[in-house]
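Asker: Would you mind keeping the following structure in view while I ask a few things?
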Amino acid sequence: MKRVLINLCMALSLLLFWSAAADAKWWIFGKSDAAVSIEYLYINQIAFEESDTQVLLFKEFLTSGMIEIRGKARASKGSIGAVKISLDDRKTWQEAKLSSGGSFEYQFKPEEGKAYDLYIEVIDTLGKTNNVEETHKVIKLTDQNIRALIKEILDQMAAAYMAEAPAAFMRHVSEKFAGDELNLDYAVRRDFTFFDNIQLILTISNLAIGSKGNIYVNVSYSRFLIATRSGLPLRDRGITEFIFVQKGGQPKLYAMKYPLIFGVSDPQNVATGTIVSPQNTPTLHVDDNGNAEVVPFEEARRRIESGADPAGGSGIAAPANLRVTGGLVGHFVDLEYDSPTVPAAGTYETVTEQSPAASGPWQEIDRRDWDTFIRLDTLDRTVLYFRVRIARVGSGVLSLPSNVIAVDNR
C-alpha cells in the first residue's frame, strides 16, 4: 500500500511537472492573452488613422528624398521585441529601428511612379503580434506641385461658386467637413439666393503641411457681388484660411476659417475659427433675412458671435477706414473713408457725426450727397471725435457707423 502511495505521488508530481512545463511552453509561443497594438503611426507626418487607404506623398515635401514611417507600439504584457516593415505586399520584410520604449522608425527612398504596399508587423517578447492586416496602406510618390494642385482646386471651386453650381462645388468638399458637409451645401445654396453676379479673385499667399498631413492654405481674396435684396454692388477683400485633407490622393476641403469666401450666409455653422485682422478690414456680412453689407471686420465678427441683426437690417454698406487726410488747425479738417459701393447719384447721403468723447453722445453735424471725401469747418478748438454713416435718401435709414477717429483742433 505504501509503495502504491509513493508511486501515485510520483505520478502526480510528474503530471504536475508536465502540466507546468506544457503551460510554460505555450506561454513562450504566445498562449498568453497579451495584446499587441500600435499607439500611433505616421507616414511622413501624415497620421495613419486620418489618411485614406492610398497615401499620396508630394516629392517637394520629402526630407532628403526619403519617406519616413514612425510610430509607437505597445504590449499589455512583456515588451516589444521587433517591428518589421514590408513594402511589397508581405513578400519581404525589413527590420525597423526600435527603441526600448516601443518607438520605431523606418526610412526608405521611393521611386517615382511606383506603388508600395505597406504592412507593419509588431512582435512582442511573448511572441504575440498585432493585426497586420489593419496596417495596410498603398504609398505613392508624385512630383506634382502641391501649390499648383491646390490652386487648381480653389479655382475650380470658385468657378463653380460663381456659376452657382452647388453640385460641382461640393465635389471638392470632404465627407468629413468640420462644419458638416450638409451645412456647407445649404449655406452655399443660400448664398446664391442672397447674391448675384458673384466675382472672385483668389491668390494663395502661403501653404504648409501640418503634423497630421493636413494642408493649410492662406488665401487672399477680392470679391464683388450684387446684394439681391438691396440691389447694391458690394466689394470686399481680405485674407482667410482653408484646410484640405487628402482623400484617395486628391485634396478635399476639410475646414474654412472666417472671413468666409464660400457659405457666407451661415458662418456660425460653416466657419471653424477666425483669422486675425489687425487692420479691421471691411468684410462682407449678411443677416438671416439676406440683408448684405460690408462692415469693419471686428463689427462683423461681433454680430456673428452675438447673433445680432446688423443695423436693424438696413442693408446699407457701412463706411470703413475713416481717416484724416488734411486740414488746418483751427480752420478746417479733411476726412476720407472707404466704401465698397458706388451708389447712383441722389440715392444716398454721407452723414458725419461729432462727439466730445470716443464713446459719445453723438450729434449730426454734416449731411451731404454721397461722397467719400468730407471737409468740415467752423470746428470747436478742442479734441473732437468723428464718425460717418450712410443714409438712404427718402427712407432716412442709416448704416452702421464707421470707425471713430480723434482730431486735435486746439
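The values are calculated or read from the model by the stated rules, or taken from the named source; none is laboratory data. Note that the coordinates shown come from a computational prediction; the quantities given were computed from them, not determined experimentally. Here the Cβ positions follow ideal geometry from the backbone for every residue, glycine too, while neighbour counts run over all protein chains shown.
Asker: Looking at 344, 358 in this structure, which one is in a loop (DSSP other than H, G, I, E, B) and either in contact with a strand residue (DSSP E or B) (Cβ under 6 Å, 6 or more places away or on another chain) or polar (S, T, N, Q) (or both)? Give the steps one after another, and end with the answer.
Answerer: On the way: 344 fails: either in contact with a strand residue (DSSP E or B) (Cβ under 6 Å, 6 or more places away or on another chain) or polar (S, T, N, Q) (or both).
Only one candidate passes the filter, namely 358.
Asker: Follow-up. So, of the residues in segment 146-187 that are closer than 30 Å to residue 89 by Cβ and not hydroxyl-bearing (Ser, Thr, Tyr), which turns out to be surrounded by the most Cβ atoms within 10 Å (Cβ to Cβ)? Can you show your working first?
Answerer: Of the residues in segment 146-187, the ones closer than 30 Å to residue 89 by Cβ are 146, 149, 174-176.
Imposing the further condition that a residue be not hydroxyl-bearing (Ser, Thr, Tyr) reduces the set to 146, 149, 175-176.
Details: 146: 19, 149: 16, 175: 8, 176: 13.
Selected residue: 146.
Asker: If we scan segment 128-140, do we find a residue that is at pLDDT 90 or above, assigned to a helix (DSSP H, G or I) and surrounded by 15 or more Cβ atoms within 10 Å (Cβ to Cβ)?
Answerer: Looking through segment 128-140, at least one residue is at pLDDT 90 or above, assigned to a helix (DSSP H, G or I) and surrounded by 15 or more Cβ atoms within 10 Å (Cβ to Cβ).
Asker: Related question: Quick check on my filter: what residues within segment 294-329 are among the β-branched types (Val, Ile, Thr) and at pLDDT 85 or above?
Answerer: Initial filter on segment 294-329 (among the β-branched types (Val, Ile, Thr)): 294-295, 304, 316, 324-325, 329.
Result: 294, 295, 324, 325.
Asker: Oh, and also: Give all pairs with beta carbons closer than 7 Å in which a residue from segment 146-157 that is under 13 Å from residue 250 (Cα atoms) meets a residue that is part of a helix (DSSP H, G or I) and of a type in the set (D, E, K, R); count only pairs at least 6 apart in sequence or on separate chains.
Answerer: Taking only residues 6 or more apart or on different chains, the pairs are 146/60.
Asker: Checking residue 266 against (1) buried (at least 23 other Cβ atoms within 10 Å of the Cβ); (2) of a type in the set (Asp, Glu); (3) under 16 Å from residue 178 (Cα atoms), which single condition isn't satisfied?
Answerer: (1)
Asker: So which residues in segment 92-113 are hydroxyl-bearing (Ser, Thr, Tyr) and either in contact with a Ser or Thr (Cβ under 9 Å, 6 or more places away or on another chain) or assigned to a strand (DSSP E or B) (or both)? Before you say what the answer is, go through the steps one by one.
Answerer: Residues of segment 92-113 hydroxyl-bearing (Ser, Thr, Tyr): 92, 99-100, 103, 106.
Across segment 92-113, the qualifying residues are 92, 100, 103, 106.
Asker: Going by what's in this entry, would residue 263 be described as under 22 Å from residue 294 (Cβ atoms) and assigned by TED's automatic domain parsing to the domain that holds residue 305?
Answerer: Working: under 22 Å from residue 294 (Cβ atoms): yes; assigned by TED's automatic domain parsing to the domain that holds residue 305: yes.
Yes, satisfied.
Asker: Within segment 141-154, restricting attention to residues that are in a helix (DSSP H, G or I) and in contact with a strand residue (DSSP E or B) (Cβ under 7 Å, 6 or more places away or on another chain), which residue is nearest to residue 194 (Cα to Cα)?
Answerer: Here is the first cut: in segment 141-154, the ones in a helix (DSSP H, G or I) are 146-154.
The next check asks that each one be in contact with a strand residue (DSSP E or B) (Cβ under 7 Å, 6 or more places away or on another chain); those that pass are 146-147, 149-151, 153-154.
Details: 146: 34, 147: 32, 149: 31, 150: 28, 151: 27, 153: 25, 154: 22 Å.
Among those that are in a helix (DSSP H, G or I) and in contact with a strand residue (DSSP E or B) (Cβ under 7 Å, 6 or more places away or on another chain), it is 154.
Asker: Restricting to segment 338-357, give me the number of residues that are at pLDDT 80 or above, under 21 Å from residue 227 (Cα atoms) and of a type outside the set (D, E, K, R). Don't jump to the end; show me each part of the working.
Answerer: First, pick out the residues of segment 338-357 that are at pLDDT 80 or above: 338, 346-357.
The next check asks that each one be under 21 Å from residue 227 (Cα atoms); those that pass are 338, 346-350.
From what is left, the residues that are of a type outside the set (D, E, K, R) are 346-348, 350.
Total satisfying the criteria: 4.
Asker: Also, I was wondering about something else. Would you confirm, using the coordinates I've provided, whether residue 387 is surrounded by 18 or more Cβ atoms within 10 Å (Cβ to Cβ), at pLDDT 90 or above and in the same structural domain as residue 329 (by TED's automatic domain parsing)?
Answerer: Values: surrounded by 18 or more Cβ atoms within 10 Å (Cβ to Cβ): yes; at pLDDT 90 or above: yes; in the same structural domain as residue 329 (by TED's automatic domain parsing): yes.
Taking the combined requirement at face value, the residue satisfies it.
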